[in-house]
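J.: Below: one structure in structure tokens.
The values are calculated or read from the model by the stated rules, or taken from the named source; none is laboratory data. Computed from a predicted model, the values in this text were never measured in an experiment. With ideal geometry, Cβ positions are generated from the backbone for all residues, glycine too; neighbour counts draw on all protein chains shown.
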Amino acid sequence: MANLVDQMSAAESAKDVYKLEQKMLKEMKENITDQCLQCVKCTAGCPAMKLLELHPHEVMALFNLGFTEELLKSEVIWTCLTCFKCKERCPQKVAPVDVILLLRSIAVARGIPPPAGFASVLQALMDRGIIQEPVEVMLKSVKTGKKRFSDRTGCSLPAASRPKDLDKFKEAFTNALVQAMSEEGT
């Protein structure tokens, strides 16, 4: 499916943009959502499930029922991690991520901004090379009930890595973003 934003920028009028948007929504509904069985395998494998106001299978149901405007206003289209786990788990090989990516494109084309957190995550990544500083967590022993604080190593996790050269990382990250944006436009 071609990038909606690029197609919309080529459209000559608001009426053409509307027709194109409706055509792409109809195509998505015909090709994807009618095959969704609501088996909930997408939701069961979703790493962001607890953060979402709507679960992935609910996104599919609402989209299929025509609640496009409500989904466009929902933060669920921006909270999705786009890990494609829902697509891997689906017995029908359809996925909420496909619907979510289309809705993101429509939101951008309409000028609906992503949540403020998007920009702050990107800025943190550019400033520090990681999204957030590692923090200690409280652990509770199952056997004794005793609580203690621990860092990553105490949880048997490796130390959080950072780029060795932050300036090179910023340059590579920026180049990757530019390349992704230019490929999306082709």
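J.: If we keep just the residues of region 50-76 that are of a type in the set (A, V, I, L, M) and closer than 13 Å to residue 97 by Cβ, which is surrounded by the fewest Cβ atoms within 10 Å (Cβ to Cβ)? If you could, list the steps in order and put the result at the bottom.
T.: Of the residues in region 50-76, the ones of a type in the set (A, V, I, L, M) are 51-52, 54, 59-62, 65, 71-72, 76.
Imposing the further condition that a residue be closer than 13 Å to residue 97 by Cβ reduces the set to 52, 59-60, 76.
Numbers: 52: 19, 59: 28, 60: 27, 76: 22.
Per the stated criteria, the residue is 52.
J.: Quick one: which helices (runs of 4 or more DSSP H) lie wholly within region 23-131 and hold at least 1 residues that are within 30 Å of residue 169 (Cα to Cα)? Give the steps one after another, and end with the answer.
T.: Numbers: elements: 41-44, 56-64, 68-73, 76-79, 85-89, 96-110, 116-128.
Per the criteria, 76-79, 85-89, 96-110, 116-128.
J.: A follow-up question, please. Regarding region 106-121, can at least one residue be identified that is surrounded by 10 or more Cβ atoms within 10 Å (Cβ to Cβ), hydrophobic (A, V, I, L, M, F, W, C), touching a residue at least 24 places away in the same chain (Cβ under 8 Å) and over 25 Å from residue 52 (Cα atoms)? If you could, list the steps in order and put the result at the bottom.
T.: Within region 106-121, the first condition is being surrounded by 10 or more Cβ atoms within 10 Å (Cβ to Cβ), and the residues that meet it are 106-110, 112-115, 117-121.
In the following step, the residues that additionally are hydrophobic (A, V, I, L, M, F, W, C) were identified as 106-109, 112, 118-119, 121.
Still in the list and also touching a residue at least 24 places away in the same chain (Cβ under 8 Å): 106-109, 112, 118.
Next, from what is left, pick out any that are over 25 Å from residue 52 (Cα atoms): none.
No, region 106-121 contains no residue that is surrounded by 10 or more Cβ atoms within 10 Å (Cβ to Cβ), hydrophobic (A, V, I, L, M, F, W, C), touching a residue at least 24 places away in the same chain (Cβ under 8 Å) and over 25 Å from residue 52 (Cα atoms).
J.: Pick out the one residue from 168, 164, 143 that is assigned to a helix (DSSP H, G or I) and loosely packed, with under 13 Cβ neighbours inside 10 Å.
T.: 168
J.: Kindly indicate whether residue 70 is without any contact (Cβ under 8 Å) to a residue 40 or more places away in the chain and assigned by TED's automatic domain parsing to the domain that holds residue 31. I'd like the intermediate steps shown before the answer.
T.: Values: without any contact (Cβ under 8 Å) to a residue 40 or more places away in the chain: yes; assigned by TED's automatic domain parsing to the domain that holds residue 31: yes.
It is true that residue 70 is without any contact (Cβ under 8 Å) to a residue 40 or more places away in the chain and assigned by TED's automatic domain parsing to the domain that holds residue 31.
J.: From the list 86, 90, exactly one residue is closer than 16 Å to residue 48 by Cβ, in contact (Cβ under 8 Å) with a residue 24 or more places away in the chain and assigned by TED's automatic domain parsing to the domain that holds residue 36. Which is it?
T.: Going through 86, 90 in turn, just one is closer than 16 Å to residue 48 by Cβ, in contact (Cβ under 8 Å) with a residue 24 or more places away in the chain and assigned by TED's automatic domain parsing to the domain that holds residue 36: 86.
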